[in-house]
Amino acid sequence: MGTRRLTPIRASVVGYLNARPLWDALAEDDAFDVRTGVPSEVTSRLAAGEADVALVSSIELLRDGVRRISGACIASDGPVTSVLVALATAPGRVRRLAVDPSSRTSQRLAEIILRGYGAEPEVEEHDPATALQAGFDAALVIGDPAFAFAKKGYPVLDLASEWGKTTGLPFVFGVWAAPAEKSPGEVGILEDALDRARDRGLERIPEMARRAAASGLLSEAEARVYLTRRIRYRFGEREAAGLRAYLDAVRALPGEIRRR
């Protein structure tokens, strides 16, 4: 396939269901060594030189020495259902926002959306499962845990939907990235392999939906809808515009997130 070499290509990927179509085929390819993790772990591996390519949160493109590659991405053009802010008060009255520590992209998106309602929240990393009981006004829940949390009865904001209402653009949650110093030849090989893996992964969505149902995460029908209607996997002009708008909005945010 053009990617064979003596040492496998080290790929660090997000283990959530929404990312699976991008790397499922890579996990079966001897040319790749695939390791999964939450977004923060994936980013750390790339930064530490422990990965040749990584499926990173979009905000990581603000770091020096990182470049986006491939026409594959994780995006949503409307409700995403797996990136939510649970509310204990009205959005414009949120003063304390608890954010899941695993994704800096969603942390900042939550802040951007709440500020759009007029809130000026203090943002602190905290376990979202206990945040509202601990006195926070709102809590960010992302990834597979959001499916279960959404059934607890709290009012929620779907952040991709809110972003679309504000900007008219898709939101890009994740992209393939590699060290900026990679040669054009290396990048071209990686891009071809990653794009083909995405195309094969999209063909496997029925199988992935069955696996999700077997794990109890979602019903098979819900998983199919999620992977085919909620998530977009091709990076086009509108996704590029949405990504630029988000990175510009992050640069304009005041203050810092209180880290654990």
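Find all pairs meeting these conditions: Cβ atoms under 7 angstrom apart; at least six residues apart or on different chains; first residue within region 227-245 and in contact (Cβ under 8 Å) with a residue 12 or more places away in the chain; second residue polar (S, T, N, Q).
Filtered contacts from region 227-245: R230/S76; R230/T81; I231/N18; I231/S76; R232/S76; G242/T167; L243/S58; A245/T167.
One residue is enough: does region 189-201 have a residue meeting the conditions acidic (D, E), closer than 23 Å to P91 by Cα and at pLDDT 95 or above? Talk me through it step by step, then tell me what you get.
Going through region 189-201, the residues acidic (D, E) turn out to be 191-192, 195, 199.
From what is left, the residues that are closer than 23 Å to P91 by Cα are none.
Looking through region 189-201, none of the residues is acidic (D, E), closer than 23 Å to P91 by Cα and at pLDDT 95 or above.
Test S76 against the stated conditions and say whether it is at pLDDT 95 or above and either β-branched (V, I, T) or in contact with a Gly (Cβ under 9 Å, 6 or more places away or on another chain) (or both). Before you say what the answer is, go through the steps one by one.
On the way: at pLDDT 95 or above: yes; either β-branched (V, I, T) or in contact with a Gly (Cβ under 9 Å, 6 or more places away or on another chain) (or both): yes.
Considered against the rule, which asks whether it is at pLDDT 95 or above and either β-branched (V, I, T) or in contact with a Gly (Cβ under 9 Å, 6 or more places away or on another chain) (or both), S76 comes out as yes.
Which of (1) outside any strand (DSSP E or B); (2) closer than 21 Å to R232 by Cα; (3) in contact with a Pro (Cβ under 8 Å, 6 or more places away or on another chain) does A146 not meet, given it meets every other one?
Exception for A146: condition (3).
Look through region 168-182, keep the residues that are surrounded by fewer than 16 Cβ atoms within 10 Å (Cβ to Cβ) and not acidic (D, E), and return whichever of them is nearest to the chain's Cα centre (by Cα).
Keep residues of region 168-182 that are surrounded by fewer than 16 Cβ atoms within 10 Å (Cβ to Cβ), which gives 168, 180-181.
If we keep only those that are not acidic (D, E) too, we end up with 168, 180.
Details: G168: 19, A180: 21 Å.
Per the stated criteria, the residue is G168.
Can you tell me which residues in region 133-167 are among the small types (G, A, S), over 25 Å from G37 (Cβ atoms) and within 19 Å of the chain's Cα centre (by Cα)? Full working, then the answer.
Step one: of region 133-167, the residues among the small types (G, A, S) are 134-135, 138-139, 143, 146, 148, 150, 153, 160-161, 164.
Narrowing further to those that are over 25 Å from G37 (Cβ atoms): 134-135, 138, 153, 161, 164.
Matches in region 133-167: S161, G164.
Take region 79-123 and flag every residue that is more than 19 Å from G153 (Cα to Cα), assigned to a loop (DSSP other than H, G, I, E, B), small (G, A, S) and modelled with pLDDT of 95 or more.
G118, A119
Please list, ordered by first then second residue, the pairs with beta carbon atoms under 8 Å, 6 or more apart or interchain, first in region 137-160 and not assigned by TED's automatic domain parsing to the domain that holds T36 and among the hydroxyl-bearing types (S, T, Y), second modelled with pLDDT of 85 or more and not in a strand (DSSP E or B).
Note: pairs meeting the criteria are Y154/A88; Y154/L132.
Checking the conditions here, which among E41, E60, E122 is of a type in the set (D, E, K, R) and farther than 24 Å from G15 by Cα? Outline the logic, then answer.
On the way: E41 fails: farther than 24 Å from G15 by Cα; E60 fails: farther than 24 Å from G15 by Cα.
Step by step, each of E41, E60, E122 is checked, and only E122 is of a type in the set (D, E, K, R) and farther than 24 Å from G15 by Cα.
Would region 11-25 turn up any residue that is assigned to a helix (DSSP H, G or I), under 16 Å from the mean Cα position of the chain (by Cα) and among the basic types (K, R)? Please lay out each step first, then the result.
Going residue by residue through region 11-25, those that are assigned to a helix (DSSP H, G or I) are 17-23.
Of the ones still in play, those that are also under 16 Å from the mean Cα position of the chain (by Cα) are 17-23.
Remaining after also requiring among the basic types (K, R): 20.
Yes.
Matching residues to (1) among the aliphatic types (A, V, I, L, M); (2) over 17 Å from R67 (Cα atoms); (3) outside the structural domain of I59 (by TED's automatic domain parsing); (4) surrounded by fewer than 19 Cβ atoms within 10 Å (Cβ to Cβ):
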position	(1), (2), (3), (4)
G188	no, no, no, yes
A214	yes, yes, no, yes
V225	yes, yes, no, yes
R229	no, yes, no, yes
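Looking at region 124-143 only, could you name the residues that are within 16 Å of A110 (Cα to Cα), part of a loop (DSSP other than H, G, I, E, B) and of a type in the set (G, A, S)?
Just the residues of region 124-143 that are within 16 Å of A110 (Cα to Cα), to begin with: 124-128, 131-132, 136-143.
Narrowing the set further to residues that are part of a loop (DSSP other than H, G, I, E, B) leaves 126-127, 132, 136-137, 143.
Once the filter is applied, which keeps residues that are within 16 Å of A110 (Cα to Cα), part of a loop (DSSP other than H, G, I, E, B) and of a type in the set (G, A, S), region 124-143 yields only G143.
Name the single residue, out of those in region 111-167 being farther than 30 Å from G216 by Cα and aliphatic (A, V, I, L, M), that is surrounded by the most Cβ atoms within 10 Å (Cβ to Cβ).
L114
Quick check on region 63-72. Is at least one of its residues more than 10 Å from G174 (Cβ to Cβ), among the hydrophobic types (A, V, I, L, M, F, W, C) and assigned to a strand (DSSP E or B)?
Restricting attention to region 63-72, the residues satisfying the condition of being more than 10 Å from G174 (Cβ to Cβ) are 63-71.
Now narrow it down to the ones that are among the hydrophobic types (A, V, I, L, M, F, W, C): 66, 69.
Then drop every residue that is not assigned to a strand (DSSP E or B), which leaves 66, 69.
Yes, there is a match, as at least one residue in region 63-72 is more than 10 Å from G174 (Cβ to Cβ), among the hydrophobic types (A, V, I, L, M, F, W, C) and assigned to a strand (DSSP E or B).
The values are calculated or read from the model by the stated rules, or taken from the named source; none is laboratory data. Only a predicted model underlies this, so the values are computations on that prediction, with no experimental measurement involved. Neighbour counts are summed over all protein chains in view; Cβ atoms, including those assigned to glycine, are modelled from backbone coordinates with ideal geometry.
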